[in-house]
Amino acid sequence: MTASRTRRALAAAAAAFGGLACAPAADTGPPERVILIVVDTLRRDHLSCYGSSVSTPNIDRIAAGGQIYTNTLASYHQTSMSMGALFSGRTPSIEFGTLGRPLFWNGQSWCGLARFSKEKDEGDCVPADLPTLAGEMSEAGYWSVGIASNQFLYEPSGYSRGFDDWVEVGEHPEQKGALARMELKNAPRTRHWRLVNAAAFDALARRASDRFFLYVHYMDVHDYGFEQITYADAVRKLDAAVGELIDGLDHSGWLDDALIVFTADHGERLRERHAIAGHAGHVGNPTFQEVLRVPLVVSPGVARDPAAPIRTEDIYRLILGAVDAPPQASPELEPGELLLSETEYRTFLRDHWKLVIRREDGAAQLFDLQADPMEMQDLASSRPEIVAALRDRAEELSMRFSARRAVLEMISEEDRARLRALGYDYQD
């Protein structure tokens, strides 16, 4: 089989990895296959291709033949919001009606797309009429396969909309038997990466076309606490998962003329200290930069500056642009902007400025991320003009992204089950 541009890129990584690969591939038309790999809870500063001491040679293999994006921010601190943004190209928001009031947080609102919902969407988080990445990829001629392993994404929710084949790993009793047959010792969750990869290859065996879009979601980094291992060790395990996936795709010839997009839904707070106490992990309120800074590797490269700001919601447009499919959703924010609509805070970023507004009383704190990346020095009192400008823009966007219909103010038993499976102890 003739070596493809992707296969050549991965082979080139057999040499020692070094430097940032930024050149886009030659324009040879849309790729035959697109592989989107999303790692739950992965910080970019724990990948060796981003300069980390944590060795991730398989992810390096992807990076060596493509572009390493150095200014990528998650659209939200939570999977359901971030993946809602990636699948729709929209800015996620839980704003409701009058400025300053968030929607009740539950399975109807936690994808951040309630402003597009209609009465017929009752119970669904992703509105039925909203165009999705998978649907647009299918319209572009790709067989769309989704492998979900995060319970936030399980049906009924709407994330599967547009996929030709959608698999929820860890959801069904027979998968527990598969876990036992694989003899995976000490694996407390049935969403282990080996099951995710097995589900991906099983789904590809059912494909109706060799021209496919494959989305794979890994939970192994997220589950480092369940596994009682260090975050770095979880990243190393994840790298092995990516290696097995890439090797299997290569063995089947599916890397020929393929585009690989590797990213994360959000990062994780690991013992960092900030001026605002906040919370550990990735629960936000407010969201710190280590939770927002995520990796983005595209191989082979596309015609986009990897140093320019890009958000999770923009990956939707990056992928559709790579396959010459006009995206149905345009950017809702200016380049360099990010709005985080949370239950207790509203945070707005523009370039190197970050404004954190507490909903309870409107108190604001301002940080210069360029001079103060750890968010330790509040500049609100010394730069009131910056605070005023950012607050005005945040309020304008919040009104624009506000839902007009309320959601039921309750957490259903199904919502609770999802939260428990993910390790979140919801308190009424």
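The values are calculated or read from the model by the stated rules, or taken from the named source; none is laboratory data. Keep in mind the model is a prediction, meaning the values are calculated, not measured. For neighbour counting, all protein chains shown are included, and Cβ atoms are generated from backbone atoms with ideal geometry for every residue, glycine included. These accessible areas exclude ligands, DNA and RNA; they are computed on the full protein's heavy atoms, side chains included. Shrake-Rupley method; radii C 1.70, N 1.55, O 1.52, S 1.80 Å.
Structure summary
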quantity: Residue identified as buried (at least 23 other Cβ atoms within 10 Å of the Cβ), within 28 Å of residue 34 (Cβ to Cβ) and in contact (Cβ under 8 Å) with a residue 24 or more places away in the chain among 109, 138, 157; calculated: 157
quantity: Residue in region 236-258 that is closer than 30 Å to residue 350 by Cα and crowded, with 17+ Cβ neighbours inside 10 Å present; calculated: no
quantity: Filter result (out of contact with any helix residue (DSSP H, G or I) (no Cβ under 8 Å at 6 or more places or on another chain) and of a type in the set (A, V, I, L, M, F, W, C)) within region 200-218; calculated: 203, 204, 205, 208
quantity: Selection from region 352-366 of residues that are of a type outside the set (Lys, Arg) and surrounded by 13 or more Cβ atoms within 10 Å (Cβ to Cβ); calculated: 352, 353, 355, 356, 357, 364, 365, 366
quantity: Selection within region 210-268 - among the aromatic types (Phe, Trp, Tyr) and touching a strand residue (DSSP E or B) at 6+ places or on another chain (Cβ under 9 Å); calculated: 212, 213, 215, 218, 254, 262
quantity: Identity of the residue in region 37-49, closer than 15 Å to residue 289 by Cβ and of a type in the set (D, E, K, R), that ends up least open to solvent (accessible area, probe 1.4 Å); calculated: 43
quantity: Filter pass, residue 96 being crowded, with 20+ Cβ neighbours inside 10 Å, more than 19 Å from the chain's Cα centre (by Cα) and not small (Gly, Ala, Ser); calculated: yes
quantity: Filter result for residue 52 (among the polar types (S, T, N, Q), modelled with pLDDT of 95 or more and open to solvent by 10 Å² or more (accessible area, probe 1.4 Å)); calculated: yes
quantity: Some residue of region 368-386 being acidic (Asp, Glu) and in contact (Cβ under 8 Å) with a residue 40 or more places away in the chain; calculated: yes
quantity: Residue list for region 371-411, restricted to those being among the hydroxyl-bearing types (Ser, Thr, Tyr) and within 25 Å of the chain's Cα centre (by Cα); calculated: 398, 402
quantity: Where a residue in region 280-298 is touching a residue at least 24 places away in the same chain (Cβ under 8 Å) and more than 20 Å from residue 314 (Cβ to Cβ) and its partner, wherever it lies, is open to solvent by 10 Å² or more (accessible area, probe 1.4 Å) and of a type in the set (Phe, Trp, Tyr), with Cβ under 8 Å and at least six apart; calculated: 283/424; 284/345; 285/345; 286/345
quantity: Given (1) touching an Asp or Glu at 6+ places or on another chain (Cβ under 8 Å); (2) closer than 16 Å to residue 295 by Cβ; (3) in a loop (DSSP other than H, G, I, E, B), index of the condition residue 91 fails; calculated: (2)
quantity: Residue 88 open to solvent by less than 10 Å² (accessible area, probe 1.4 Å) and in contact (Cβ under 8 Å) with a residue 24 or more places away in the chain; calculated: yes
quantity: Qualifying residue in region 113-124 (condition: modelled with pLDDT of 95 or more and surrounded by 24 or more Cβ atoms within 10 Å (Cβ to Cβ)); calculated: yes
quantity: Residue among 221, 242 that is over 17 Å from residue 163 (Cβ atoms), at pLDDT 95 or above and in a loop (DSSP other than H, G, I, E, B); calculated: 221
quantity: Considering residues of region 142-154 that are open to solvent by less than 40 Å² (accessible area, probe 1.4 Å) and of a type outside the set (Ser, Thr, Tyr) only, the residue farthest from residue 78 (Cα to Cα); calculated: 145
quantity: Filter result (assigned to a loop (DSSP other than H, G, I, E, B) and not polar (S, T, N, Q)) within region 398-418; calculated: 401, 404, 405, 406, 407, 408, 409, 410, 411
quantity: Residue within region 289-301 that is modelled with pLDDT under 95 and either open to solvent by less than 20 Å² (accessible area, probe 1.4 Å) or over 18 Å from residue 39 (Cα atoms) (or both) present; calculated: no
